[in-house]
Every structure is written in structure tokens, then in C-alpha cells.
Amino acid sequence: FSFRKLWAFTGPGFLMSIAYLDPGNIESDLQSGAVAGFKLLWVLMLATIIGLLLQRLAARLGVVTGLHLAEVCNRQYQKVPRIILWLMVELAIIGSDMQEVIGSAIAINLLSVGKIPLWGGVLITIADTFVFLFLDKYGLRKLEAFFGFLITIMALTFGYEYITVKPSQEKLLKGLFIPYCQNCGTTQLEQAVGIVGAVIMPHNMYLHSALVKSRQVNRANKREVQEANKYFFIESCIALFVSFIINIFVVTVFAEAFFEKTNADVNGVCMNASSPHSSLFPNNNETLEVDIYKGGVVLGCYFGPAALYIWAIGILAAGQSSTMTGTYSGQFVMEGFLNLRWSRFARVLLTRSIAITPTLFVAIFQDVEHLTGMNDFLNVLMSLQLPFALIPILTFTSLPSVMKDFANGL
């Protein structure tokens, strides 16, 4: 084992792990904490472990074949299944990008104390495209370093919230290692399904299989391929462990502070704190419903304005990083399935426009306080899209004709 070699292979796994930290994930985390307390932490852990195994298969496919998943699908499937797979993964990318752009817009709205409306925030996030192109021009290593910086911001901001709230460690460990959900109903079940869809992103397998191609590996040398597979797997383990810890921060903060709280409880605290957002929570005994926006507001009411702004900075980092990886995914999928050889600028502009258009409509016609339903729907949609990524990746990695000596034998 060599740390120097691990450092040389470090990058693709952290870019891939951004999808485990996008605003859709954060929303799923805070809602599962608020509606089920610590009871769904084991679902988050299992989903992350399954996600790691699937990412390992995706990385192996890219390393061994020198092709990413979309390119292998293009070569192996007939026209009709190929088009169906392409449409499904595009749908997943659009759904994910909608959450990411809306998340960034909400963060901008919170940081500007409501002065920049939701649609204004969406327009600002279009600038992501140009940031992405600017960084990409200076090489992948610079881009990887930038993503590492954004992950660090998320770890620090959500870690701050965790330290401030001080969740019960006993309940945390019980929630992680005992698969139970006492007194759970439809709402909790929907959150559990949403966690799976939010964590295991279908398009992320396409992305990871393409990112590993950025490292030079002599595929004629079996030992070199084995070494690359080993280091990419170690890097993926580290990256997903970091993302898992950040997700735990968010779930436990909301489980400790806001589980079984009513609107009246929060309204009283916000009134006492002279919060301008007190009207968000009607003075009734209905159970509190939170999303990314309301989550920031209630943190601000309970733990001071610093908690609100630090939360918004974390969400902005999550949104900015994941929109760029979503753009990357769209680029690889279009290249692989459709054999399109466009300029990078044209490809990025098209994939970004496809996702931005429906998001802009949502932002213009929907109030910032009422986006919870859309995010829940998009997370469940991700779960429904999973088979369309799982079937190809499980099939190809078990075929000796594709993987040669590295077929997994399932």
C-alpha cells in the first residue's frame, strides 16, 4: 500500500460523492429526522453501503474496459432499450438538477434575507455553468480540489449545527444499528423510500465510470488494473464515509431538536426571538413540517441567526457542487448514448438548459415556503429510476466478454 499512489488516484470518488450531499439529500435527511426522529438512520447507512458497492462496480467497469457505462450500453444494447435507458437517465438528471438549482436558490434567498426571490436565485445559479467551464479549462485536478473545498465547507457548516444542537449519542447509535421503526406510518415509509432515492443516484453510476478514465492505466497489464481498482475503491470508501457523516449531522440535528414539535411550539420560539419568519408557522397543534427553507428558519429561531446563515452557506455549497457534477453526468450520458461530439460549451449549455427550464417555472409559480412536496416527489422518482441504472451495471460487470478476468461472477 502506498499513500502516494492513493493520492494519485484520489479525485473521482470525491466528485462522485457530491451526489450523496446534494440539496435533495439534505432535504431528505432533515425531513426524516423531523418526522421519524432517529428511527431511519439505519436506512441511510444501508443505502450508503449499497451505494458504495454499486459505485465500486461502476469504477471497475470504467477502469477495466476504458469505456464508461453509457458507452458500454451504446455498444451492447439494441436501439430501443438504448433509447429507453437514455431517456430514463436524462429524467433522473433533470430531477436531480431541479433539486440542486432550487436548493441553491433557497440558500441565496436565506442569505439575502429574502431580498433575492427564488427565480432570481435560479438565474444566478445559471452562472454555475461558466464557473464549471472556467475551472474545467485549468484541468481536472483543479476541479477536484475545488470540490474538495466545497465538501469541507459542508462538513464545517453542518458539523457546527451538530455541535450546537448536541444530539443524543445513545439514540444515534440505536438508530444506526437497530433496524426498527416503532409507530411508523405512511409518512415515515415515504421518507424511507425517499432516502434510498436521494442517496443512490442512478446517473451517478454513469458519472463515476467516466471519471475514473481520467487516470492513466495500462489495461494490458493485469496488475496495474488490479491496483487501480484497489485504490479507487479505497478512495470511494473514504469519500462516502465523509458524505455519510455529513448526512448523519443533518438527520440527528433535526431528530433531536424538531421531532414531534408542533407549529405552535416553533411559532412561540420564533416570536420570542423576534424572527421575521414567525408567520411561516401557524399557531396550531399540527406537527411541524420542514424543508430546506423552513429548516434554516427554525434553526435560526432556536439557535440564533448564526445557525441560519451557516446552514444557508452549507446548502449553497451543496447546491453549487452538485449542479456541476450533474452537468458532468449529462455530458457523459449524451456522449455515450447518442455519440454526440459537440464542443464542451455547447454540451454543457444544452444539458443545463434542459434542467433549468422546468426549475425556472417552478420558481416563478411556486412560493419558496411550499416546495416540500416537489422535493419528496423527486426523491421517490429517483428510487423508481434506479433499476434502469442497476440492470446495466450488474449485467455488464458480470460478463466475461466485457470484463474479461475481472467479471464479478454474480
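Brief remarks on what is shown
- Residue 210 being surrounded by 22 or more Cβ atoms within 10 Å (Cβ to Cβ) and over 20 Å from residue 4 (Cβ atoms): yes
- Test result for residue 152, at pLDDT 85 or above, more than 20 Å from residue 302 (Cβ to Cβ) and surrounded by fewer than 16 Cβ atoms within 10 Å (Cβ to Cβ): yes
- Flag if residue 251 is within 30 Å of residue 20 (Cβ to Cβ), buried (at least 18 other Cβ atoms within 10 Å of the Cβ) and at pLDDT 90 or above: yes
- Every residue from segment 159-179 that is of a type in the set (A, V, I, L, M, F, W, C) and open to solvent by less than 90 Å² (accessible area, probe 1.4 Å): 165, 172, 176, 178
- Residue check, residue 108 open to solvent by 40 Å² or more (accessible area, probe 1.4 Å), assigned to a helix (DSSP H, G or I) and under 19 Å from residue 365 (Cβ atoms): no
- Within segment 48-77, considering residues that are within 17 Å of residue 229 (Cβ to Cβ) and part of a loop (DSSP other than H, G, I, E, B), the one least open to solvent (accessible area, probe 1.4 Å): 68
- Scanning segment 12-47 for residues that are at negative phi and not in a helix (DSSP H, G or I) turns up 22, 38, 39, 40.
- Residues satisfying the stated conditions in segment 111-129, i.e. in contact with a helix residue (DSSP H, G or I) (Cβ under 9 Å, 6 or more places away or on another chain) and either under 21 Å from residue 11 (Cβ atoms) or in a helix (DSSP H, G or I) (or both): 111, 118, 119, 120, 121, 122, 123, 124, 125, 128, 129
- Residues of segment 286-308 satisfying the condition of being open to solvent by less than 30 Å² (accessible area, probe 1.4 Å) and over 25 Å from the mean Cα position of the chain (by Cα): 301, 304
- Qualifying residue in segment 367-377 (condition: open to solvent by 30 Å² or more (accessible area, probe 1.4 Å), hydrophobic (A, V, I, L, M, F, W, C) and at pLDDT below 80): yes
- Candidate set from segment 1-17 (those that are open to solvent by 30 Å² or more (accessible area, probe 1.4 Å) and not small (Gly, Ala, Ser)); member that is modelled with the lowest pLDDT: 1
- Residue check, residue 62 modelled with pLDDT of 85 or more, in contact with a helix residue (DSSP H, G or I) (Cβ under 7 Å, 6 or more places away or on another chain) and on the phi > 0 side of the Ramachandran plot: no
- Residue 184 passes every criterion in (1) surrounded by fewer than 21 Cβ atoms within 10 Å (Cβ to Cβ); (2) modelled with pLDDT under 85; (3) closer than 30 Å to residue 333 by Cβ apart from (3).
- Residue check for residue 87: touching a Leu at 6+ places or on another chain (Cβ under 8 Å) and part of a helix (DSSP H, G or I): no
- Residues in segment 214-244 that are at pLDDT 85 or above and among the basic types (Lys, Arg): 222, 223, 230.
- Residues (touching a Gly at 6+ places or on another chain (Cβ under 7 Å) and assigned to a helix (DSSP H, G or I)) located in segment 219-237: 232, 235, 236
- Of all residues in segment 321-350 being assigned to a helix (DSSP H, G or I) and open to solvent by 40 Å² or more (accessible area, probe 1.4 Å), the one that is modelled with the highest pLDDT: 338
- Restricting 178, 151, 116 to residues that are closer than 19 Å to residue 18 by Cα and β-branched (Val, Ile, Thr) narrows the list to 151.
- Among residues of segment 263-289 that are among the β-branched types (Val, Ile, Thr), those with a Cβ under 8 angstrom from a residue that is exposed (fewer than 14 other Cβ atoms within 10 Å of the Cβ), sequence gap 6+ or separate chain, pair up as 287/260.
- Listed by first and then second residue, the pairs linking a residue in segment 201-213 that is farther than 12 Å from residue 54 by Cβ to a residue that is open to solvent by less than 10 Å² (accessible area, probe 1.4 Å) and not in a helix (DSSP H, G or I), with Cβ atoms under 8 Å apart and 6 or more places separating them unless they lie on different chains, are 210/68; 211/11; 213/68.
The values are calculated or read from the model by the stated rules, or taken from the named source; none is laboratory data. Worth saying up front: this structure is predicted, and the values here are computed from it rather than measured. FYI the Cβ positions are ideal-geometry reconstructions off the backbone, even for glycines, and counts take in every protein chain you see. These accessible areas exclude ligands, DNA and RNA; they are computed on the full protein's heavy atoms, side chains included. Shrake-Rupley method; radii C 1.70, N 1.55, O 1.52, S 1.80 Å.
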